[in-house]
Amino acid sequence: MLRTQAKPLGKIINPDDLWKDQLHTELKLLNDVTKAIGKVEQKLDKISQADPQVKILQTIAGVGPRVAKAIVAFIDNHQRF
């Protein structure tokens, strides 16, 4: 697994292993971004639960909160159509 190869720079002795610090840095960034996405998804879920248009769209098979919210955001005012 990749995580077993990652090491912070301070723990690297062999210069040939410097790539392990880069891997360590990239995996940390990936973890941070994943956490941030999770927070955004939680916020979107709360917003979706309060929107009656989203609730209606979710009654369609296969349409979850994100797809429903995306449709509502894209269409905005359905009276235009």
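A single member of 67, 63, 33 is in a helix (DSSP H, G or I) and over 30 Å from residue 1 (Cβ atoms), and it is 67.
Scanning the range 42-54 for residues being touching a residue at least 12 places away in the same chain (Cβ under 8 Å) and in a helix (DSSP H, G or I) gives a total of 7.
Can you pull out every residue in the range 1-26 that is part of a loop (DSSP other than H, G, I, E, B), surrounded by 12 or more Cβ atoms within 10 Å (Cβ to Cβ) and touching a residue at least 12 places away in the same chain (Cβ under 8 Å)? Those that are part of a loop (DSSP other than H, G, I, E, B), surrounded by 12 or more Cβ atoms within 10 Å (Cβ to Cβ) and touching a residue at least 12 places away in the same chain (Cβ under 8 Å): 6, 7. Quick check: is even one residue across the range 29-51 aliphatic (A, V, I, L, M), surrounded by 11 or more Cβ atoms within 10 Å (Cβ to Cβ), at pLDDT 90 or above and touching a helix residue (DSSP H, G or I) at 6+ places or on another chain (Cβ under 9 Å)? The answer is no; no qualifying residue exists.
The values are calculated or read from the model by the stated rules, or taken from the named source; none is laboratory data. On a predicted model such as this, the values are computed, not experimentally measured, just so you know. Note that each Cβ is placed from the backbone with ideal geometry, even for glycine, and that neighbours are counted across all protein chains shown.
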